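> There's a structure below that I have some questions on.
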Amino acid sequence: MKRTESITEEQARTYATWFRALGDPTRVRLLHLLAAAGRPMTVGELVAQVDIGQSTVSHHLKILAEVRFVLPEKQGTSTLYAVNRTCLSVFPRAARAIMGEEPPGAC
């Protein structure tokens, strides 16, 4: 196995933030629902599919948006959330970078 350069402190912080964002089953489930829908969804639509209140869903979406796993888009008084497929596709690369199997990447 070929070893690559070390990850920097900043990259390590970024990766830790990504893993922390996915460290909650509700956030993983919300990402899955958005990805499976294949379209942006409102908080209300997501609440209708999970047994969780609106404020909790909004809180989890905020955390996912902070790490750019979801992209919020205002439409009138609502916000639509969509999976950021580009960012999530970098996630497996981050795991490989931590293992020293490939160069570090960013979202």
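> Could you check segment 53-99 and list, in sequence order, the residues that are among the small types (Gly, Ala, Ser) and more than 14 Å from Leu34 (Cα to Cα)?
Listed by number, the residues that qualify are Gly53, Ser55, Gly76, Ser78, Ser89, Ala94, Ala95, Ala97.
> Further question: Just give me the residues in segment 53-107 being closer than 20 Å to Glu10 by Cα, in contact (Cβ under 8 Å) with a residue 24 or more places away in the chain and of a type in the set (A, V, I, L, M, F, W, C), in sequence order.
Ile63, Leu64, Val67, Phe69, Leu88, Phe91, Ala94, Ala97, Ile98, Ala106, Cys107, listed by residue number.
> If you don't mind, there's one more thing I want to ask. Within segment 50-57, is even one residue among the hydrophobic types (A, V, I, L, M, F, W, C), over 26 Å from Ala16 (Cα atoms) and in contact with a Gly (Cβ under 8 Å, 6 or more places away or on another chain)?
No, there is no match, as no residue in segment 50-57 is among the hydrophobic types (A, V, I, L, M, F, W, C), over 26 Å from Ala16 (Cα atoms) and in contact with a Gly (Cβ under 8 Å, 6 or more places away or on another chain).
> Mind listing just one residue for me: the one in segment 73-101 that is part of a loop (DSSP other than H, G, I, E, B) and open to solvent by 40 Å² or more (accessible area, probe 1.4 Å) and, of those, nearest to Val43 (Cα to Cα)?
Checking each candidate, the answer is Thr77.
The values are calculated or read from the model by the stated rules, or taken from the named source; none is laboratory data. The structure displayed is predicted, hence computed values, not measured ones. Every residue, glycine as well, gets a Cβ built from its backbone with ideal geometry; the counts of neighbours run over all protein chains shown. Only protein heavy atoms, including side chains, enter the accessible area calculation; ligands, DNA and RNA are left aside. Shrake-Rupley method; radii C 1.70, N 1.55, O 1.52, S 1.80 Å.
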